[in-house]
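The values are calculated or read from the model by the stated rules, or taken from the named source; none is laboratory data. Being a predicted model, the structure only gives us computed values, none of them experimental. Here the Cβ positions follow ideal geometry from the backbone for every residue, glycine too, while neighbour counts run over all protein chains shown. Accessible surface areas use protein heavy atoms only, side chains included; no ligands, DNA or RNA. Shrake-Rupley method; radii C 1.70, N 1.55, O 1.52, S 1.80 Å.
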Amino acid sequence: MKAIIEEEKCVGCGECLEVCPVDAIELVDEVAQVDDNCTLCGLCVDVCDYEAIGLPEVQTAETDDLESYRGVWVVAEHHDGAVHSVSFELLGAGRKLADKLKVELAAVLIGDQLQEGAKKLIGYGADRVYLAEHPALVPFNDESHANVLTELVKEKKPEILLAGATAMGRSFIPRVAVAVETGLTADCTGLDIGDDGLLYQTRPAFGGNVMATILCPRRRPQMATVRPMVMRKPEFDSRRQGVVETFTPSQKSINSRVKVLETVTQDQETVRITEADIVVTGVRCLQKAENFKIIEELALLLDGAVGATRSVVDEGWMPYSHQVGQTGKTVSPKLYLACGVSGAIQHVVGMQGSEIIVAVNKDPSAPIFDVVNYGVVADLFEFVPALVRKIKEQRS
Amino acid sequence: MINDKMTNGAKRMHVVVCIKQVPDAKNVRIDPETCTLVRQGVESIVNPHDWYAVEAALRFRDEYGGKVTALTMGPPQAEEALRETLALGVDEAVLLSDRAFAGADTWATSLTLARAIEKLGPVELVICGKQAIDGDTAQVGPGLAAHLDRPYTTYARRLELLNGGELRAERVTDFGYEIVQMELPAVVTVVREIGDPRMPGLKHKMKAKKKEIPVLGAAELNLHPEEVGLQGSYTQVVKVFSPPPRCDREMINGDAEEQAEKLLRLLQEAKVPGL
Ligand SMILES: Cc1cc2nc3c(=O)[nH]c(=O)nc-3n(C[C@H](O)[C@H](O)[C@H](O)COP(=O)(O)OP(=O)(O)OC[C@H]3O[C@@H](n4cnc5c(N)ncnc54)[C@H](O)[C@@H]3O)c2cc1C
Ligand SMILES: Nc1ncnc2c1ncn2[C@@H]1O[C@H](COP(=O)(O)O)[C@@H](O)[C@H]1O
């Protein structure tokens, strides 16, 4: 299998050769030819101005009774009994999908003593909550939670299943997808139902440099993890009515070969970078760790989180959990304020999905300015304190 | 010392580290003039996260004895990636390459890797990187554990083999960290905090050049062409497109005071929460 060239459309411009990461394309008599090195990554498809390149279609075996799968599910995440905001965001997205398909929207809660959480999920739009409770399901355990969800999916057969693309979701949902033998699209930022009734899942790939739309046409459920902070959280309505349906998982599902010995919560005082509306990032040029305080002060003032580039983490000024970028976290806040960040691509791929990007750098040619909405050429030791002063002035 | 520790696990460990060759993001940037993506001369590199997986595997071997095999599925040129790991001291390398493997999604990839691992004989530990920077899915590690039906953990930053032969791992969560324990054989994915990758040594470099790397295809893994690659994938990419570039850039001039004032006003107009 390899990318398909429509020879009559190909003009031999060679753009595709440039982008092919595996050198699988060459020009033969001014027409692109693809060889066996092709991994079907799709980069050439996007770059072709003449729409001369396509990817072959898949012909996987169909789930037996495709039609018997109905309803949209949101797998709710919770921490110490409190439901994670991404689950409410997903109910907002799930509601739209369910309405389009004219089916029920359900949430799944796995753990123990989660009645309060179930009510909240209904208030945020769930028509039904499947509640699987057992003392052994606390604390969260990848294996037992995956088993229980698998059991539930096999019995109730939803057509769509969504979960947050958090560390937790990305860790145990893939196991469920394999167990129920279906496809899973990771870290989606867009979801829609097509005219064909299928779930169109759009997600960034190659560090956000391209977007891909993905379908799971022949298997059910269609599963996706969805990036936090992307979907809009619906209004909470305490009067909404819904059904709470308890589900008793089998003993076999509850058993896990992995023992969770200790769960440690850290970093409570600052907002987590993947969930903050505002992320303020500082860099190594802050010379000394103490100088990083001005970044922290600004973040605190804005109720935001502190982000760090890799060099800041390498210096030990901030823990790794604050690192944004290729080897750190991907964030997409409403506002990303980069203070002194040079704009190395490895950092940019972790933040280019932010709604508004502002950069402060004293070097007007810093590459960060290529990706901003607002650019400020200034010394951050002057600019950041000035910004802090202005905000304080306005508030008083 | 090694021998002492080896009695811990009571057997020689075989660790398989899964690595992937990916396009280097470094060569992709946005042209600020034309607002289009420029991807010039994209090269292939070893997925940066996988260096930590290799390092984790080597440390595990150095501490508890045994051997490390690097495994990759990819086009013939992925052999280069394997040689790079051999240069760090990895003992064996295996390439899974077949025309039929192209276009595999995480389901098909993890199935293919799982079959290969089963074929490699008793393997006590499989280590993957946190995620690959091209697909960015982080699904292959957990998928592999499911196909192999083994316990697993993700985002590990410390691995320790206990006296009883169990594996203890410290894993990073969104909230802090966790300590988990499981029996071997198991699958783990690791993060950067596991430790910085070592440099290639001269001796290993020489060996790496000459080392024979077996290549296995679908037939050798007893996989039907319909079970692998694009055919064996449940997800289907129907469209690839460039994200709308940010092209409304506005530079804010003046002295620091003026700049701060202007920026604040613009952000308030854009209704950034909390401003
Ligand atoms: C495989 C790989 C993975 C990586 N992963 C990541 C990752 O996940 N995250 C990440 O962040 N990096 C990552 N990096 C590193 C990345 O390439 C950069 O080196 C890193 O982002 C450091 O950039 P910086 O902006 O902090 O520092 P520098 O590149 O040192 O830039 C400092 C900047 O600050 C400006 N400056 C200095 N003083 C002032 C002042 N007083 N006022 C205003 N501006 C000032 C300068 O003009 C300059 O632009 C990775 C690299 C590799 C090879
Ligand atoms: N084709 C492959 N060959 C070997 N290992 C892979 C392959 N694809 C993914 N992996 C492993 O799985 C991890 C996660 O990849 P991904 O799920 O694609 O983000 C990587 O860091 C590798 O360790």
Over the Cα atoms of the stretch A:197-309, what is the Rg over Rh ratio if Rh follows Kirkwood?
1.08
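I'd like the projected area of chain A, averaged over all directions, using the convex hull of its alpha carbons. Report it in nm² with one decimal. Walk me through the numbers before you get to the answer.
Working: hull surface 95.4 nm².
Computing the convex hull of the Cα atoms and averaging its projections yields 23.8 nm².
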Probe 1.4 Å, all protein chains present, accessible-area order of A:K120, A:K2, B:K130, largest first
A:K120, A:K2, B:K130
Which three lengths, in whole Å and largest first, does the protein assembly as shown cover when its Cα atoms are put on their principal axes?
70, 64, 63
Just report the Cα centroid separation between the stretch B:37-113 and the stretch A:104-175, whole Å.
34 Å
Cα convex hull volume per residue for the stretch B:9-227, in Å³, equals 142 Å³
Given H placed on each backbone N at 1.01 Å, which residues far from B:L216 in sequence or on other chains put an amide H within less than 5 Å of it?
B:L95, B:L96, B:S97
With every protein chain in place, the accessible area of A:E181 for a 1.4 Å probe, in Å² rounded to the nearest 10, comes to 80 Å²
Kindly flag which residue pairs out of B:K119/B:K239; A:K96/A:K157; B:K119/B:K210; A:K100/A:K259; A:K96/B:K20; A:K2/B:K119 have an alpha-carbon separation exceeding 31 Å in this structure.
B:K119/B:K239; A:K100/A:K259; A:K96/B:K20
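Per residue, how much accessible surface does the stretch A:1-153 expose to a 1.4 Å probe? Answer in Å², no decimals. Don't skip to the answer; put the middle values down first.
On the way: 6540 Å² over 153 residues.
With the other protein chains kept in place, the stretch A:1-153 gives 43 Å² per residue.
Over the stretch A:61-217, what is the percentage of antiparallel beta bridges among all DSSP beta bridges, to the nearest 5? Can you show the working numbers first?
Numbers: 11 of 25 bridges.
That works out to approximately 45 percent antiparallel.
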Treating cross-link reach as a plain straight distance, find the lysines whose alpha-carbon is under 24 Å from the alpha-carbon of B:K271, omitting any fewer than eight places away in the same chain.
A:K233, A:K334, A:K390, A:K392, B:K262
Stokes-Einstein translational diffusion, the stretch A:16-112 - Kirkwood Rh over all Cα pairs, 1.567 mPa s, 4 °C, in µm²/s
72 µm²/s
Most fluctuating of B:T235, B:T85, B:T106 in the GNM of chain B (C-alpha, under 10 Å) is B:T235
B plus A alone minus the pair: what accessible area, both sides summed, probe 1.4 Å, in Å² to 100?
9600 Å²
Assigning unit charges at the beta carbon (Lys, Arg +1; Asp, Glu -1) and nothing else, what dipole magnitude in debye, to the nearest 20, does the stretch A:43-171 show about its Cα centre?
540 debye
From Cα pairs below 8 angstrom and at least 6 apart in sequence, can you work out the relative contact order of chain A, rounded to a whole percent?
12 percent
Roughly how many Å² of A:H347 are accessible to a 1.4 Å probe, to the nearest 10?
10 Å²
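Taking all protein chains as present, what is the carbon and sulfur share of the accessible area of the stretch A:4-54, in % to the nearest whole number, probe 1.4 Å?
Working: 1110 of 2640 Å².
Within the stretch A:4-54, the accessible surface is 42 percent carbon and sulfur.
Please tell me the relative contact order of chain B in percent, rounded to the nearest whole number, where contacts are Cα pairs under 8 Å and at least six residues apart.
Values: 531 pairs, mean separation 61.7, N = 275.
Relative contact order of chain B: 22 percent.
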Under 15 Å from the Cα of A:K252 - aspartates and glutamates, other chains or at least 8 residues apart:
A:E133, A:D142, A:E143, A:E151, B:D149
